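Data first, discussion second: the structure below is written as structure tokens.
Just so you know, all these numbers are worked out from the coordinates, no wet-lab data involved. Small disclaimer: the values here were computed from a predicted structure and weren't measured. We place every Cβ from the backbone using ideal geometry, glycine too, and count neighbours over all the protein chains shown.
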Amino acid sequence: VLTAAGDPSIARDSSTSAIVEQLREALARRQEQELQLWFADVDAALAIGRVIRALRLSSQPPKAGVVFPADIATRLLDSTNATLTPIESPDRWIAVLEAAAFSPIRKMVTPMGAPTTVTDELRATVERIGPAMPQIAAMFGVEVPDGAPMPRPLRTGPPRRDGQGGAGGGTDVNSRMMMIRTR
């Protein structure tokens, strides 16, 4: 609506000009409110120690091109680095790295050390996110080819209906119910 409002045939009428101005002001207010709520959500997740949640929130700004505040970024980076310790489980490393790979702090993540246990799943995750986090790939001895495409976030959602697993893993509820009924 606001883009079309620049049309000369619409801009001639003073009543439509007033409505367009009201819409612009309302949009600016709403965008600012959404931005403040986003910052507050990331900050709240960090305050209660939910690092993965904070990383995921940080990668989903309400408006493209938003600059992430330095103070929250520093706290997020410190929390992420403190989470990636050598004694953490490979599953925890995978979850944190998957979330961090799409966060605005991804290039600055420097774990305290490599994990003591490296599973095939962890190595596969590092290879997948290598283009987004080359410093992590180097820590695991994974070479990232020049021009490698940036990874996409993994899709999460309900399991597939055909019972063959899926993004959520395992079989779906209906398949499990059918298995229970036939026993």
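A few comments on the model shown:
- Classified by the C-alpha gyration tensor, the stretch 1-142 has a prolate form. Its axis ratio a/c, with a ≥ b ≥ c, is 1.5 or above, and a/b is larger than b/c.
- Of the trypsin sites (Lys or Arg not before Pro) found in the stretch 24-120, those in coil by DSSP whose Cβ has at most 15 other Cβ atoms within 10 Å are ARG50, LYS63.
- Computed over the stretch 1-146: relative contact order in percent, which uses C-alpha pairs under 8 Å that are six or more apart: 17 percent
- Loop-located GluC sites (Glu not before Pro) in the stretch 55-163 (DSSP state not H, G, I, E or B) with no more than 13 neighbouring Cβ atoms inside 10 Å: GLU143.
- Placing +1 on each Lys and Arg Cβ and -1 on each Asp and Glu Cβ, with no other charges, gives the stretch 7-111 a dipole about its Cα centre of roughly 180 debye.
- Per-residue ³J(HN,Hα) for the stretch 58-67, Karplus 6.51 cos²θ - 1.76 cosθ + 1.60, θ = phi - 60°, Hz, x for Gly and Pro: 5, 8, 10, x, x, 9, 5, x, 6, 7
- Charged neighbours of ALA132, selected by a Cβ distance under 12 Å, balance to +2 (K, R count +1; D, E count -1).
- Remark: the stretch 102-116, residue by residue, has Karplus-estimated 3J(HN,Hα) of 10, 8, x, 9, 3, 6, 9, 5, 9, x, 5, x, 5, x, 6 Hz, where x stands for each Gly or Pro and the curve is 6.51 cos²θ - 1.76 cosθ + 1.60 at θ = phi - 60°.
- Within-15-Å neighbourhood charge of GLU88 [Cβ basis; K, R +1; D, E -1]: -2
- Relative contact order, percent, the stretch 26-74 [alpha-carbon distance under 8 Å, six or more residues apart]: 39 percent
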